[in-house]
Amino acid sequence: MNTLNNNIFPVHHEILGRDEKEERLRQHARVIWLTGLSGAGKTTLAKHLEQQLFDRGFLTQILDGDNIRSGINNNLGFSDADRYENIRRIAEISKLFVNCGIITINCFISPTEEIRSMAQKIIGTENFTEVFVNAPIQICEKRDVKGLYSRARRGEIAEFTGITSPFEVPVHPDIEIRTDLLSIEESVQKLLDFILPSIGVGSSVK
C-alpha cells in the first residue's frame, strides 16, 4: 500500500470551480495540442495563434518542449520511458490550467499514438483538440536553425524523432495544418476558425 497516498486529502470541493473562472474570463478552457516533427512549425504557429486569441480577449498559456525540459522536466532524457513521463507531467499541468479556465496551447512532438492518447485521457477528451502540424521531413530539416537534424544524422544525438526514433502520424487528428503548403497567416487563420466555436467569444466581444 502506498502510504503517501493515504496522507493526501484533496480539497477540490473547497476551492473555486472551473465554471466560476470561465465565467469571469468569458471563455471555455481547452487544451490545443500541437503535435508534429521538430521544425514542422508548432511553436511558430502557437505564438501567432496566442497573439490572435489575446487580441480577441482570451487568456492563454503556451507550453513548449524546450521551456518545459529546461524547468520542471529537466531531470528527464529521451528514452521511451522518459518521453512518456515528460508528456504525462505536461498533461497533468495542462489539466490544472484547464481547471483554472485558461486556454492552453501545447507544442510537443509527442511522437506516438500511445503518448498522445495518454495525454488526452488525463486532460479529458472533451477538453482536448489534437492538431497535427504537418510538413515533410525534408522541409523540417531545411528550417532547422539549431542544426539538430544534421547532428542526428551524424550520430551526435541519439533517439532523435524522425531520424533515429519514429514519429507515428496521428490517425484521427481533429485538424491538420500543412505548414509546407500554407503561409503562417493561412495556417493561423485555419486553426483559429476551427477552435473559436469551442472556446467562446472572448471578453473583447460584448
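The values are calculated or read from the model by the stated rules, or taken from the named source; none is laboratory data. The shown structure was predicted, so the numbers you read here are calculated from the model rather than taken from an experiment. Neighbour counts run over all protein chains shown; Cβ positions are idealised from the backbone, glycine included.
Quick notes on this structure:
- The selection criterion, being at pLDDT below 95 and surrounded by 15 or more Cβ atoms within 10 Å (Cβ to Cβ), holds for N86.
- Of the residues contained in region 193-200, none is found to be outside any strand (DSSP E or B) and either in contact with a helix residue (DSSP H, G or I) (Cβ under 7 Å, 6 or more places away or on another chain) or closer than 16 Å to A40 by Cβ (or both).
- Odd one out for V98, checked against (1) over 10 Å from the mean Cα position of the chain (by Cα); (2) under 13 Å from G65 (Cα atoms); (3) among the hydrophobic types (A, V, I, L, M, F, W, C): (2)
- Residue within region 148-161 that is assigned to a strand (DSSP E or B), surrounded by 15 or more Cβ atoms within 10 Å (Cβ to Cβ) and of a type outside the set (A, V, I, L, M, F, W, C) present: yes
- Candidate set from region 45-57 (those that are out of contact with any strand residue (DSSP E or B) (no Cβ under 8 Å at 6 or more places or on another chain) and in a helix (DSSP H, G or I)); member that is surrounded by the fewest Cβ atoms within 10 Å (Cβ to Cβ): D55
- Selection within region 89-127 - part of a loop (DSSP other than H, G, I, E, B), of a type outside the set (F, W, Y) and either buried (at least 18 other Cβ atoms within 10 Å of the Cβ) or without any contact (Cβ under 8 Å) to a residue 12 or more places away in the chain (or both): G101, I102, I109, S110, P111, T112
- Residues within region 159-188 that are of a type in the set (D, E) and under 20 Å from Y84 (Cα atoms), tallied: 2
- Considering residues of region 172-184 that are exposed (fewer than 12 other Cβ atoms within 10 Å of the Cβ) and of a type outside the set (A, V, I, L, M, F, W, C) only, the residue modelled with the lowest pLDDT: H172
- Residue among V169, V131, V145 that is at pLDDT below 95, among the hydrophobic types (A, V, I, L, M, F, W, C) and not in a helix (DSSP H, G or I): V145
- Some residue of region 45-57 being closer than 28 Å to I139 by Cα, touching a Lys or Arg at 6+ places or on another chain (Cβ under 6 Å) and at pLDDT 95 or above: no
- Residue match in region 29-44 (condition: in a helix (DSSP H, G or I) and either on the phi > 0 side of the Ramachandran plot or in contact with a strand residue (DSSP E or B) (Cβ under 6 Å, 6 or more places away or on another chain) (or both)): yes
- Looking at D55, D80, just one residue is more than 27 Å from E20 (Cβ to Cβ) and among the charged types (D, E, K, R), and that residue is D80.
- Some residue of region 63-70 being more than 22 Å from A40 (Cβ to Cβ), modelled with pLDDT of 95 or more and surrounded by 15 or more Cβ atoms within 10 Å (Cβ to Cβ): no
- Unmet criterion (only one of (1) modelled with pLDDT of 95 or more; (2) surrounded by 15 or more Cβ atoms within 10 Å (Cβ to Cβ)) for G202: (1)
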